[in-house]
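Okay, so here's the structure we're looking at.
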Amino acid sequence: MSAETAADATNDLTTTPWRRAASVGPGVLLAVTVGLASAFVSDHYGGPVMLYALLLGMAFNHLSEDGACVAGIEFASRSILRTGVALLGARITLEQMYGLGGATFALILGGLVATIVFGWGFARVLGLRSDFGVLTGGAVAICGASAALALSSVLPRHERSEEQTLVTVVGVTALSTIAMVVYPILASLFGLDTVHTGIFFGGTIHDVAQVVGAGYMVSPEAGDMSTIVKLTRVAMLAPVALAVSLLFRRRGAANAGAPALPAFLVAFVVLVLVNSTGIVSQAVSSACADLSRACLITSIAALGVKTSFKKLSTVGWKPIVLMFGETVFLAAAVLTALSL
């Protein structure tokens, strides 16, 4: 059974819920198992859980081509992914963003937009697809692997879509881990105070976990500030994904596959608004955040299963240069703004 057939099976509305569950069950169970193993390794030995899930998933690539797991792997890499992205909204409130002040918010927004535009232009210079530049630029500018997964789901699909997503996840995760170690040294060299250090970390490091690690490595105050700034960047995921979807949709019939207003982005915004009212308890918000993380790890594992080491090894050096350039660009832009 091909991946296209599996996707049709998971989306067939005439199929009973029981039959659909039976169809996707084995593949979802595989992705969940890989995700749990990755979380165990990360919790006990350190390292980025997303990268572990991706690499462990790739070890089971043979199960994605034929057999009982195909439909479930497809379901986990798309539907569970979108659920995880939507639930990210439960971590954010409008009060957090308002509390940063206009200048800091302008810095975050300016760095985000500039990095995506830079990624788009630099990709063209390197001879890569423009949508790949937007994908990597958005991942660097917003929230690493989570943003890569969200943006890939609204960009037009083509024969290299999954390969581009996998390369982006691997690249931004590795660069984020490096940044967690290097950026505290840069903050010290530039003489940044606690507040500016938190803004620098939160405004430049790709993944939330690495932002928190770098911030609290310096001080509790820097950790608190970096976390709030980072969550504000995460909040930009919905408007950026919507803008990207509309932009590529208008570029012509070849890109008509991008949805105009994905439901998971609507859910993301609704959760931010509901969480901002204060009626949601901290326990519920934390549970949603944990569920979001579990969904994203599961979807990354499924995406890993769908990708082979052989295909990944053929991407060349250009994507690496692209993501490294975007990372340096964002860090330089934020440091320059903080130094003014």
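Show V140, V274 ordered by accessible area, largest first, where the area counts protein heavy atoms only and the probe is 1.4 Å.
Of V140, V274, the descending order of accessible area is V274, V140.
Could you rank Y183, Y216, Y45, Y52 by how accessible they are, 1.4 Å probe, largest area first?
Y45, Y216, Y52, Y183
Please work out how much accessible surface V266 shows to a 1.4 Å probe, ignoring ligands, DNA and RNA, in Å² rounded to 10.
Number for this one is 60 Å².
Any idea what the dipole of the range 17-116 comes to, in debye rounded to 20, about its Cα centre with Lys/Arg Cβ at +1 and Asp/Glu Cβ at -1?
Once rounded to the nearest 20, the dipole reads 240 debye.
Mind checking the per residue accessible area of the range 112-207 for me, 1.4 Å probe, whole number of Å²?
Per residue, the range 112-207 has 33 Å² of solvent-accessible surface.
Distance from the Cα centre of the range 13-76 to that of the range 112-175, in angstrom?
Here the two parts' Cα centres lie 23 Å apart.
For the chain, return all DSSP H helices satisfying: extent of Cα atoms along own axis at least 24 Å; mean Kyte-Doolittle hydropathy at least 0.5.
17-45, 102-125, 161-189, 282-305, 318-339
Of the accessible area of the chain, with the probe set at 1.4 angstrom, what percent is carbon plus sulfur?
Here carbon and sulfur together make up 68 percent of the probe-accessible area.
Quick check for you: with a 1.4 Å probe and neighbouring chains kept, what is the accessible area per residue of the range 15-63, in Å²?
55 Å²
Can you give me the solvent accessible area of E95 with a 1.4 Å probe, rounded to the nearest 10 Å²?
For E95, the solvent-accessible surface is approximately 150 Å².
As a test of the formula, what do you get for the chain when each DSSP H run with n ≥ 4 contributes -39,500 (n - 2.57) and the sum is divided by the residue count, at 222 nm and rounded to the nearest 500 deg cm²/dmol?
One gets -24500 deg cm²/dmol as the mean residue ellipticity at 222 nm.
Under a Cβ-only charge scheme (Lys and Arg +1, Asp and Glu -1), can you give me the dipole magnitude of the chain about the Cα centre, in debye to the nearest 20?
Dipole size: approximately 640 debye.
Which of these, Q164, Q282, Q210, has the largest mean-square fluctuation under a Gaussian network model of the chain (Cα springs below 10 Å)?
Q282
Compute the orientation-averaged projected area for the range 118-244 from the convex hull of its Cα atoms and round it to one decimal in nm².
For the range 118-244, averaging the hull's shadow over all directions gives 7.5 nm².
How many percent of Cα pairs in the chain exceed 26 Å?
Within the chain, distances greater than 26 Å cover 47 percent of Cα pairs.
Can you give me the solvent accessible area of L36 with a 1.4 Å probe, rounded to the nearest 10 Å²?
Answer for L36: close to 120 Å² accessible.
Between beta-carbons, use under 13 Å as the cut-off and find the net charge around A145, counting Lys and Arg +1, Asp and Glu -1.
It works out to a net charge of 0.
What order do W120, W317 take when sorted by accessible area (1.4 Å probe), most exposed first?
Of W120, W317, the descending order of accessible area is W317, W120.
The values are calculated or read from the model by the stated rules, or taken from the named source; none is laboratory data. All values derive from a computational prediction rather than experimental measurement. All Cβ positions, glycine included, derive from the backbone under ideal geometry; neighbour counts span all protein chains shown. Side chains are part of the model used for accessible areas, which takes the heavy atoms of the whole protein and leaves out ligands, DNA and RNA. Shrake-Rupley method; radii C 1.70, N 1.55, O 1.52, S 1.80 Å.
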